[in-house]
Amino acid sequence: MPRIATVLLLFMLVADPVSAQTASVPALKREATISGELVRIGDVVENAGAAAGIAIFRSPDLGETGRVTTDQVLDAVRPHGVIGVDTRGLTEVVVIRPGHVIAAKDITAAIGRMLAGRYGIGDAKDMAITLDAEPRPIHVESSAPTELQPSRIAYDRRTGRFDVLLEVPGSAVMRGIVLHYAGSGIETRNAAILAHAVTRGTVLKSADVVIERRAKADLGDDPCDSAAAVVGLAARRTLRSGQALRSADLMKPELVQRGEAVTLVYETPGIYLTIRGKAMESGAEGDLISVSNGQSKGTLQGIVSGPGRVTIEATAARREPTAVSSVQPEPRGTPSPRTE
């Protein structure tokens, strides 16, 4: 029986010598996917035989892709008896090592979440994390979770300084490795910032304001956090460039200036009367100010209703002093003169 099998094998080799030769010829691979730290001959050369398990190169970092030239491969395999390699016209072999990369931004984001969660500082997205040194990316296997876990964390609320030790659980390549990071973390929020200095009474436009992230502790009480909150309002005082705006810094635009000639409007059902007057004080729309009647010279209270315009309520008009009011009352107990 063994002699029959041998004869059949010889017959097959003689019948198809090209196929037999092709099946045993080492050939270069176009691409190799590596799971470990070393590239072996069998990873880059097909039909490498007994030499397939021999390591010849170091793998790229996890999650990275590298390239090795054809000449480098041939030089590396030749000492191990792998010769006559069919290069298939390739000039290089692409070597891929699958994995995840935990980038610097992922590290700072993780620290922000830890501080916000443990110390109740605020929302993690509002945390500004600054590390003392730029962190290097962390490479882990594709199957490993990328979530960093703290083994120790310390935070000073007064200064914002932190010191943390982190680990990557579930990663074989990171097993036993502790990552140390130090820096500062502060809570920030959007703030409306003046693009340039403005004087009192200047009405703000969109071009006057930029939105930036600022430390919450530096913004004071009732800060403005959007352009919509400040555009159309006027500066209550002279404000400097780069200043974070607060509600107290702004007011409605003054439509009437003190000493300005204004139009006084008397309006009651069926009657509409306008006369000239003079503003005794400045005011924005809706403000109650004192005005002088241009005819009687009396002083009234009116509501600013437009530029240079003050509306007098009917009740206020009826209370306006007249010439009769200038008569002094007689002392009590003195008889009034009789007219015969």
Within 24 Å of residue 174 (Cα to Cα), in contact with a strand residue (DSSP E or B) (Cβ under 9 Å, 6 or more places away or on another chain), exposed (fewer than 15 other Cβ atoms within 10 Å of the Cβ) and of a type in the set (A, V, I, L, M): does that describe residue 110?
-> no
Qualifying position, being closer than 30 Å to residue 135 by Cα and in the same structural domain as residue 132 (by TED's automatic domain parsing), among 106, 61 | 106
Hey, could you check the range 176-203 for residues that are touching a helix residue (DSSP H, G or I) at 6+ places or on another chain (Cβ under 9 Å) and closer than 17 Å to residue 251 by Cβ and say which is modelled with the lowest pLDDT?
-> 202
Restricting attention to the range 238-248, does a residue exist that is loosely packed, with under 14 Cβ neighbours inside 10 Å, out of contact with any helix residue (DSSP H, G or I) (no Cβ under 7 Å at 6 or more places or on another chain) and more than 27 Å from residue 126 (Cα to Cα)?
-> yes
Being surrounded by fewer than 10 Cβ atoms within 10 Å (Cβ to Cβ), hydrophobic (A, V, I, L, M, F, W, C) and at pLDDT 80 or above, is that true of even one residue in the range 275-286?
-> no
Mind checking whether some residue in the range 67-85 is closer than 30 Å to residue 174 by Cβ, surrounded by 14 or more Cβ atoms within 10 Å (Cβ to Cβ) and under 46 Å from the mean Cα position of the chain (by Cα)?
-> yes
Would you pick out the residues in the range 29-49 that are touching a residue at least 24 places away in the same chain (Cβ under 8 Å), in a strand (DSSP E or B) and within 17 Å of residue 79 (Cβ to Cβ)?
-> 39, 45
Within the range 96-125, can you find the residues that are part of a loop (DSSP other than H, G, I, E, B) and more than 16 Å from residue 149 (Cα to Cα)?
-> 98, 99, 120, 121, 122, 123
Taking the condition more than 15 Å from residue 128 (Cα to Cα), touching a residue at least 60 places away in the same chain (Cβ under 8 Å) and touching a strand residue (DSSP E or B) at 6+ places or on another chain (Cβ under 7 Å), does residue 178 pass?
-> no
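The values are calculated or read from the model by the stated rules, or taken from the named source; none is laboratory data. Just so it is clear, the model here is predicted, and its values are computed rather than measured. Backbone-built Cβ (ideal geometry, glycine too); neighbour counts: all protein chains shown.
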